[in-house]
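No value in this document is a laboratory result; all are computed from the given coordinates. Source: prediction; values computed, not measured. Methodologically, a virtual Cβ is constructed for each residue, glycine included, from the backbone with ideal geometry; neighbour enumeration extends over all protein chains shown.
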Amino acid sequence: MSTETNTKTLQGTVVSDAMDKTVVVEVGRFVQHPKYKKFYTISKKYHAHDEENKYKIGDKVDIVETRPISKKKSFKVVYK
């Protein structure tokens, strides 16, 4: 993992592992509505590179931004 300050690191849950060497990770953000001040969760899904097909559905993972690996993959799973 690089030590650059502009690389994005996110934490999320694996929601799909059906593809080879790829997992889909859902990342949730807890935000406050600007006018009504209510807190709610926004979630987004990212395709991440998993070289060893190690992670399964429900696993908590960290993903880090990398160079584009394919059309949809710009993240890779950080191995702990």
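Could you list Asp62, Asp20, Asp50 in order of exposure, starting from the residue whose Cβ has the fewest other Cβ atoms within 10 Å? The partial results should precede the final answer.
On the way: Asp62 16, Asp20 7, Asp50 23.
With the fewest neighbours first, Asp62, Asp20, Asp50 line up as Asp20, Asp62, Asp50.
Might you report the magnitude of the Cβ-based charge dipole of the chain about its Cα centre, with Lys and Arg at +1 and Asp and Glu at -1, to the nearest 20 debye? Numbers along the way, then the final one.
Numbers: 17 positive and 10 negative charges, 107 e Å.
Magnitude of the dipole: close to 520 debye.
Semi-axes of the equivalent ellipsoid of the chain: what are they in whole Å, largest first, if each equals the square root of 5 times a C-alpha gyration tensor eigenvalue?
Working: eigenvalues 123, 49, 24 Å².
After scaling each eigenvalue by five and taking roots: 25, 16, 11 Å.
Calculate one ³J(HN,Hα) per residue across region 59-70 by plugging θ = phi - 60° into the Karplus curve 6.51 cos²θ - 1.76 cosθ + 1.60, and present them in order as whole Hz with x for glycine and proline.
6, 8, 9, 10, 10, 10, 6, 9, 5, x, 8, 8
Just rank Tyr36, Tyr46, fewest to most, by other beta-carbon atoms within 10 angstrom.
Numbers: Tyr36 7, Tyr46 17.
Fewest to most other Cβ atoms nearby, the residues stand as Tyr36, Tyr46.
Could you work out the per residue convex hull volume over the alpha carbons of region 30-69, in cubic angstrom?
Details: hull volume 4.4 nm³, N = 40.
It comes to 110 Å³ per residue, whole-number rounded.
For the residues Ile42, Ile57, what sequence is obtained by ranking on other C-beta atoms within 10 Å, fewest first?
Numbers: Ile42 9, Ile57 12.
If I rank by nearby Cβ atoms, fewest first, I get Ile42, Ile57.
Quote to one decimal, in nm, the extra length available between Lys38 and Thr9 on full extension: 0.36 nm per residue of separation minus the C-alpha distance between them. List each step's numbers first, then the result.
Working: separation 29, 0.36 × 29 = 10.44 nm, distance 2.63 nm.
Value of the extension gain: 7.8 nm.
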